[in-house]
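Q: The structure under discussion is supplied below as structure tokens; questions concerning it will follow.
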Amino acid sequence: MTDPASERHRMAKALVDEGVLKSPWLRAAVETVSRERFLHPGVFLDEGRTWRPVTAAGVDPDEWLKIAYSVDTLTTQLDGHLTADQVGGPVAGVPTCSSTDPVTVVGMIETLDLATGHRVLEIGTGTGYSTALMCHYLGEDNVATVEVDAQVAARADAALEATGFSTWTVTGDGLLGHPYRAPYDRVIATCAVRRIPYAWIRQTRPGGVVLGTVGSWPWGTGLAKLAVGDDGTAEGSVIGRSSFMQARAQTVAPVAGDLAARTAYADSERRAQVSPLALEEWMPAFLAQLAAPGAQFVRATGGDGSPLRYLFDPEKESFAEFLADGDSWTVRQGGPVGLWDAVERALVAWQDAGAPDIDSVRLHVTPVSHRYWIGQAPSLRWEHPIT
Ligand SMILES: C[S@@+](CC[C@H](N)C(=O)[O-])C[C@H]1O[C@@H](n2cnc3c(N)ncnc32)[C@H](O)[C@@H]1O
């Protein structure tokens, strides 16, 4: 029978070999904290179009440990309520809770540069596994973790207690932070946000760090690392690509609203200088979200098999519709904001600047705005007022 401790050591070694796990204290945590205890009652394994439920009770113990210590994201909840013990076979659904893959979790914790005595706020407790890794080093009193889903929070709390970490587990909207335990030295979010909530910065000590994934598309999102200044603002960069489920309060509603009149009589029509297919790549998608915050990219196929692409911003009642014409594209735009004009300007300036990757993006957050920029180019600066 497989020994869980040797599985933990094997996973830790794999993370060291990948260059992700560097700190001795974090290696000790990975080698000690039982990931399988945070997966109760089970997980859903990705089978393409469906999810196969696997519970600890319903599978061979060796197989269960193999799953628990795979370096995969393990989905523990679908559609905001379904757990693996509630279904008898593969189901369709959207993941709403998971134990994030250890490469990402450990990489993010390393990025926090934690030191003894630090006080941490985690947003998105999920299974509680990442919380436990930090508690192992900092002590249970120095970690507070907020989870929006009451059932998920209760399961995480039970798992943390069972593994010996009686930490501050809070059920609530993490976008508000958790002022009662502030100030924090570090804030880490394991769900994505459209923009970093100012509450996180207000609750962080000067010199402290806020780490979270920004963006609202399923791809084209980046990990922002901000240092909080004495003046209550925060500045830093997007340090790499990062993909997380959206914070629930900010989940983008499917494009709704009636733009029928506008789409029938578009305000303008022209040839696109850049193919909208560029938005299917990570960095152009990130840029599009900077240039047209609030816009969603929609892909469809015409009756004749031709690709159809759209940008919609229901709040701004604006759209861009792309029609393929051989190798080129016609763009029809309507509404108060020229969505594609803004995105295309950014994409052209970015290409002119040598197409730098996402880690070239800088970010400054104040109580009233988010400013993003790349280098010195005036066309690569975006100010997002907080409304
Ligand atoms: C990817 S999981 C977290 C993974 C977790 N850190 C782990 O190691 O298991 C994301 C979690 O964020 C939670 N979440 C989503 N929106 C939230 C919000 N507004 N406040 C707090 N938690 C939120 C989800 O319910 C989900 O459990």
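The values are calculated or read from the model by the stated rules, or taken from the named source; none is laboratory data. All figures in this text were calculated on a predicted structure; none of them were measured in a lab. Here Cβ is always computed from backbone atoms with ideal geometry, including for glycine, and neighbour counts include all displayed protein chains.
Q: Out of the stretch 74-95, which residues are closer than 21 Å to GLU36 by Cβ, touching a residue at least 40 places away in the same chain (Cβ under 8 Å) and surrounded by fewer than 22 Cβ atoms within 10 Å (Cβ to Cβ)?
A: Matches in the stretch 74-95: THR83, ASP85, PRO95.
Q: For the list (1) within 22 Å of the chain's Cα centre (by Cα); (2) within 27 Å of HIS9 (Cα to Cα), I need the number of the one condition that HIS81 fails.
A: (2)
Q: Can I ask one more? Checking the conditions here, which among VAL337, VAL343 is surrounded by 13 or more Cβ atoms within 10 Å (Cβ to Cβ), in the same structural domain as ALA295 (by TED's automatic domain parsing), in contact with a Lys or Arg (Cβ under 6 Å, 6 or more places away or on another chain) and on the phi < 0 side of the Ramachandran plot?
A: Testing whether each residue is surrounded by 13 or more Cβ atoms within 10 Å (Cβ to Cβ), in the same structural domain as ALA295 (by TED's automatic domain parsing), in contact with a Lys or Arg (Cβ under 6 Å, 6 or more places away or on another chain) and on the phi < 0 side of the Ramachandran plot leaves just VAL337.
Q: Could you run through the stretch 56-67 and say how many residues are in contact with a Pro (Cβ under 8 Å, 6 or more places away or on another chain) and buried (at least 17 other Cβ atoms within 10 Å of the Cβ)?
A: The total comes to 2.
Q: If HIS40 satisfies every condition in (1) assigned to a helix (DSSP H, G or I); (2) at pLDDT below 95 but one, which is the exception?
A: (1) is the only condition that HIS40 fails.
Q: Would you please name the residue that is nearest to GLU161 (Cα to Cα), looking only at residues in the stretch 7-37 that are among the charged types (D, E, K, R) and either in a loop (DSSP other than H, G, I, E, B) or in contact with a Ser or Thr (Cβ under 6 Å, 6 or more places away or on another chain) (or both)?
A: Looking at the filtered set, the residue picked out is ARG37.
Q: Out of all the residues in the stretch 269-292, is one or more at pLDDT below 95, in the same structural domain as ASP341 (by TED's automatic domain parsing) and not hydrophobic (A, V, I, L, M, F, W, C)?
A: yes
Q: Quickly run through the stretch 315-346 and pick out the residues that are among the aromatic types (Phe, Trp, Tyr), within 14 Å of ALA278 (Cβ to Cβ) and in a strand (DSSP E or B).
A: Matches in the stretch 315-346: PHE322, TRP329.
Q: Now for a separate question. Any idea how many residues of the stretch 124-154 are at positive phi and more than 12 Å from the ligand (Cβ to nearest atom)?
A: Total meeting the criteria: 1.
Q: With the requirement that a residue be assigned to a helix (DSSP H, G or I), surrounded by fewer than 17 Cβ atoms within 10 Å (Cβ to Cβ) and within 12 Å of the ligand (Cβ to nearest atom), what does the stretch 155-185 give you?
A: LEU176
Q: When the stretch 59-73 is examined, which residues are found to be assigned to a helix (DSSP H, G or I) and touching a helix residue (DSSP H, G or I) at 6+ places or on another chain (Cβ under 6 Å)?
A: Within the stretch 59-73, LEU65, ALA68 qualify.
Q: Does VAL71 satisfy being more than 10 Å from the ligand (Cβ to nearest atom), over 17 Å from the mean Cα position of the chain (by Cα) and among the aliphatic types (A, V, I, L, M)?
A: The answer is yes for VAL71.
Q: Can you tell me how many residues in the stretch 194-208 are within 15 Å of the ligand (Cβ to nearest atom) and buried (at least 24 other Cβ atoms within 10 Å of the Cβ)?
A: Count: 2.
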